[in-house]
Amino acid sequence: MLKKKCILFCLIFCGFGVFAQTKENKKQVKELLKEAQLSFDIEDHLRAWNSYRQVLILEPKNEKAGVNSTISFFKLNYNLDSSQFFLASLTASKLIDAKYYLAKVKHLQKNFEEAIQLLTDYNKESTKKRLHTIEETNYLIDICKSASMLINKPHRSIINNMGPEINSVYADYVPVIVPDENTLYFTSRREGSSNNKKDAYGNFYEDVYVSTKEKGKWTKAENVKAPINSETNDACVAISPDGQSMIVFRTSPDQVTGDLFITKLGSDNKWEPLQKMAKEINSQFIETSACFSNDTSQMYFSSDRPGGYGGKDIYRIKKLPNGRWALPFNLGPSINTLYDEDSPFLHPDNVTLYFSSKGHNTMGNYDVFKSVFDPESNQFSKAQNLGYPINNVGNDIFFVLSVDGQRGYYSSLKEETIGNLDIYQIDTRFGDNDLKVKHGMAFKDDMPAKVKITLLDNEGNVVNGTYNSNPKTGKFILVMNPLKSYKAIVESEGYTTLVVDLDPLAFEKTDKDLEFKIIKK
């Protein structure tokens, strides 16, 4: 009898506790939803995400929190693990748009058939009652079909995270590697960047970092500091073929627009103050990334300026004989689509262009594509997806390739990420890019100095590349086809021009560095 009374007492007591807790939960949920909606309406998705996540902990099947937290999730570019907070709510939700966002999550989970079925059902709903158009839905269906096809035809590639010396728990991206692969610059939103300033999404501002290779291993990355980094967002974009110039993207103080700047290594071997690039390159819109051709007479860059195919497009611009830039030229439909194209990288072979796109047959968000320029037709070939596992269902962007075509470096959002976007190295064969790097030193009157080296291909006597030696050390690198012979024209104002015949590297008996010496006139 006493035992039954105790049980009854516990049930009554617990019942009152649950009632009180539920009442308190409802009040808390109401307050959290109000906070979340205010943040969501002004697109402060970090605050909105945190508030909606707390709602879903208290009410896992709250429909409003489920849909809006999913929108914030995709805006913040979080990895798949974070979807656990809203998955139950989306699955149970009767809201029409829940199907669309559940399909996006299924796509990330690689459940493509389920995603396509959800999107097909979503397309049957009245367009007046839903947030997303039929075109948007069909675009996502096409992405799922492309992803399914490419995953079923994987190619052999070894992809390794570059580890804690390079990557952090924050977003790390845009690897920019000097052709000899001994110095790596990249961009990071890690703690300590720009004096720990944060943007509206709660991310640290971008800063440029550098790591060097010692005894085959990368050193702990360090902030390159001023003048490259400032109090606003600064991102490395590209390095010149000789490693002596860098293009940097910097946002305006109001964070609304951004432009491309250039800096060079000075006589003290330090980066000089940034100079804004020409008005033919920068516009009143946003130019986010760029790259040089091997002789630096051309540049490729991305821009969202009007007159393109949609979103950001990739343009080519040529340097005129007077040193100024001509008007930019849109690369056309072989490269550009209705969606965003970004991060162009022209391999030192001067014909193979790599870039990322949200169009073509992407597997989801940005994928890396390849196109080859045909000098006879003056056209690029149809863009080719680099395939799975290089590309995946998340963002794959900022791809660069080693001179010999054996190693790629890029940013990717993968399940095994250290933080957010990480930098990875890919070991595979990317076509017939069998070029080699040749090191050397240049002297003026027996002192290491800066000289200009023009490399002429003896086949056709065409300029293969233009290089500058380091102003302080005199060191330089040349990118050469090991089966070809060249002429190196070494010059500097006030000095006698030196012309050196270079035999094919493949026939060298020793890998001895080059040595160029010029004397005053």
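The values are calculated or read from the model by the stated rules, or taken from the named source; none is laboratory data. Quantities reported herein were computed from a predicted structural model and do not represent experimental measurements. As a convention, Cβ positions derive from the backbone with ideal geometry for all residues, glycine included, and neighbour counts pool all protein chains shown.
What to note about this one:
- Residue in segment 199-214 that is buried (at least 20 other Cβ atoms within 10 Å of the Cβ), among the β-branched types (Val, Ile, Thr), modelled with pLDDT of 95 or more and on the phi < 0 side of the Ramachandran plot present: yes
- Here the condition is being touching an Asp or Glu at 6+ places or on another chain (Cβ under 9 Å), over 21 Å from residue 370 (Cβ atoms), basic (Lys, Arg) and modelled with pLDDT of 95 or more; of 312, 318, 276, it holds for 276 alone.
- Single unsatisfied condition, residue 163 versus (1) crowded, with 16+ Cβ neighbours inside 10 Å; (2) among the small types (Gly, Ala, Ser); (3) more than 19 Å from residue 238 (Cα to Cα): (1)
- Tally of residues being surrounded by fewer than 16 Cβ atoms within 10 Å (Cβ to Cβ) and either among the β-branched types (Val, Ile, Thr) or within 14 Å of residue 278 (Cα to Cα) (or both) across segment 298-321: 2
- Boolean, residue 343 is touching a residue at least 40 places away in the same chain (Cβ under 8 Å) and in a strand (DSSP E or B): yes
- Restricted to segment 509-521, and to residues there that are part of a loop (DSSP other than H, G, I, E, B) and over 38 Å from the mean Cα position of the chain (by Cα), the residue that is nearest to residue 180 (Cα to Cα) is 510.
- Of all residues in segment 426-454 being part of a loop (DSSP other than H, G, I, E, B) and surrounded by 15 or more Cβ atoms within 10 Å (Cβ to Cβ), the one that is modelled with the lowest pLDDT: 433
- Residue 231 being outside the structural domain of residue 471 (by TED's automatic domain parsing), crowded, with 23+ Cβ neighbours inside 10 Å and either under 20 Å from residue 378 (Cβ atoms) or touching a residue at least 12 places away in the same chain (Cβ under 8 Å) (or both): no
- Scanning segment 308-328 for residues that are within 23 Å of the chain's Cα centre (by Cα) and not in a loop (DSSP other than H, G, I, E, B) turns up 313, 314, 315, 316, 317.
- The single residue among 477, 489, 423 that is assigned to a strand (DSSP E or B), within 24 Å of residue 243 (Cβ to Cβ) and in the same structural domain as residue 272 (by TED's automatic domain parsing) turns out to be 423.
- Set side by side, the residues 371, 377 differ, and just one is free of Cβ contacts under 8 Å to residues at least 60 places away in the same chain, polar (S, T, N, Q) and buried (at least 19 other Cβ atoms within 10 Å of the Cβ), which is 371.
- Residue match in segment 259-273 (condition: in contact with a Lys or Arg (Cβ under 7 Å, 6 or more places away or on another chain) and among the aromatic types (Phe, Trp, Tyr)): yes
- Meets criteria (of a type in the set (Ser, Thr, Tyr), in contact with a Lys or Arg (Cβ under 8 Å, 6 or more places away or on another chain) and modelled with pLDDT of 90 or more) for residue 168: yes
- The condition (being of a type in the set (A, V, I, L, M, F, W, C) and modelled with pLDDT under 95) is satisfied by just one residue among 301, 285: 285.
- Within segment 348-368, tally of residues that are modelled with pLDDT of 95 or more and either closer than 21 Å to residue 178 by Cβ or among the hydrophobic types (A, V, I, L, M, F, W, C) (or both): 6
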